[in-house]
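The values are calculated or read from the model by the stated rules, or taken from the named source; none is laboratory data. Quick caveat, the model's predicted, so the values are computed rather than measured. Counting neighbours? That spans all protein chains shown, and the Cβs are built from the backbone with ideal geometry, glycine included. For accessibility, only protein heavy atoms count, side chains too; no ligands or nucleic acids. Shrake-Rupley method; radii C 1.70, N 1.55, O 1.52, S 1.80 Å.
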Amino acid sequence: MYNVWDDALAKIQQKMNPSLFGTWFKDTSIISNENGIITIGVKNTFFIKQLKNKYYDIISDALKKSNVDFKQIEFEVKSTNKSKVQPREVTGETIVSTPKGTEAIIETIKKNYSSQGNGLNAKFTLDNFVVGSYNDLAVGVAKNIIKNPGKSINPFFLYGGPGLGKTHLIQAIGNEILRQNPSFKVKYVPINHFYSDLIDSIKKNRGKDFYDKYTKLDCLIIDDFQLIVNKNASQEEFFNIFNDLFLAGKQIIVTSDRLPSQIKSVDERLASRLTWGGAYDIQLPSFEDKCAILRAKADFSGAEIEDEAIEYIAENVKTNIRDLESEFSKLLVMSEIRGLSPLELINSGSTTINHPGKPKQTTSKQIIEKVAKEFNITSKDLCGQSRVSNIKTARQVAMYLLRHELSCSYPVIGKEVGGKDHSTVMHGIEKIEKDIKLDFNLREQIESIKEKIYG
């Protein structure tokens, strides 16, 4: 039966965006096929709703092409053998509780480095890091690094806005490298700690000790590199350490909120070296991604929350994952205090969920006008038939924003941008979704447009 499902999954994968396929079909399986009813096992109830509403026809078609005889498809949450846990308070910073199976991993990590003082938090693992369309590329790179530290992608430069999970991911890499290579010397250091460490070594005349401590590592993880602005001594020291580690084939991992070339006063040589292995970003999660994150957080923490409540939070928090989790946690606390379920609390109008920086009324006309202005064209040009590259890109960006900011349907988007057909709209949106993963300038343009729309 599992071979049949693997065959069906291969057919489903051909019809879907890779990141969406990974989000919705990872860890699914056929539980049973009895009396013409196929039951597919999924992770949680939110996945049941999404697969049934959005992907039922694709699944059905794939099973038929795999020569499976059935009359109906059902979905069921896989048993985890967990007892039911009552809701409790959850912190908003990150998912700190862990799913079944990771406790042993954490204990192994703790034993391996408890005395090393390497700055890693054992609770940051890949097992409790939710993968979606907004971060799948970065996670794929992380897994390659774990398999071949210092050899596959080095350095690994990860950038993106605050609260998107950069720190969790890089610490997860460090933890997993250490678990697989217990003798490795791994160190996680926020750049401000690196700076303080350097100043302290200078005061105590222990510069060689400082240098040796870092150059003898097998993996150096630097967080928040953008804070190195105007710290010339730190840049010079880091440049030298970077070169020695790189030449020795040791893994270097660096995060920042922007590309090195966009950080003022950073030495050009250093900026260039940091992106030798490529620059990879984590974007803002989509609605589906946010729902998956919240459902995973609820499952990890044992909190009970309705799918409709999760969708409400995902729809109304437009900033980042940290704010998303914060609103989730506050909703659970208020729910417990008032004796109402999360959805009942939302329906009562007593929630604290807000929309930072976002007005309640944003129209398709406003989006089209702002996009046109950003690309130095008119709204008439954007909604016309021109195939000029700049205008075509602007039109596709408008389609993307209409879809992601206003949740417009494909037919509505087509009508708004000059009567384009369904397939043209889908292609335009998918192209922008793909391009912004690698084209930082395009992403910056889109963020600039959003600021002007909501500013």
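Here are a few things to note about the model shown:
- Counting Lys and Arg as +1 and Asp and Glu as -1 over every other residue whose Cβ lies under 14 Å from the Cβ of residue 151, the net charge comes to +2.
- Net length gained if the chain between residue 72 and residue 434 were fully extended (0.36 nm per residue, minus Cα distance): 126.9 nm
- Distance (nanometres) between label positions extended 7 Å along Cα→Cβ at residue 215 and residue 308: 6.5 nm
- Evaluated at q = 0.16, 0.26, 0.35 Å⁻¹: base-10 log I(q)/I(0), Debye formula over Cα of the range 134-174: -0.37, -0.93, -1.41
- Accessible surface of residue 188, taken over heavy atoms with a 1.4 Å probe and every protein chain present, rounds to 30 Å².
- Other residues whose C-beta falls under 11 angstrom from the C-beta of residue 311 contribute a net charge of -2, scoring Lys and Arg +1 and Asp and Glu -1.
- Span-rule helices in the chain, defined as complete DSSP H runs reaching 24 Å or more along the axis (Cα) with Kyte mean at least 1.0: none
- Treating r as the C-beta distance of residue 233 and residue 315 and R0 as 51 Å, the FRET efficiency rounds to 0.60.
- The ratio of the alpha-carbon radius of gyration of the chain to the globular-protein estimate 2.2 N^0.38 Å is 1.07.
- With every protein chain in place, the range 219-341: carbon and sulfur % of accessible area (1.4 Å): 48 percent
- Too-long pairs where the Cα-Cα distance tops 23 Å, listed order kept, from 43/123; 26/290; 52/78; 78/330; 71/290; 123/185: 78/330; 71/290
- Summed residue charge, Cβ within 15 Å of residue 427's Cβ, Lys/Arg positive, Asp/Glu negative: +4
- Size-normalised alpha-carbon gyration radius of the range 210-334, reference 2.2 N^0.38 Å: 1.44
- Size of the range 169-211 as Cα extents on the principal axes (Å, biggest first): 37, 21, 9
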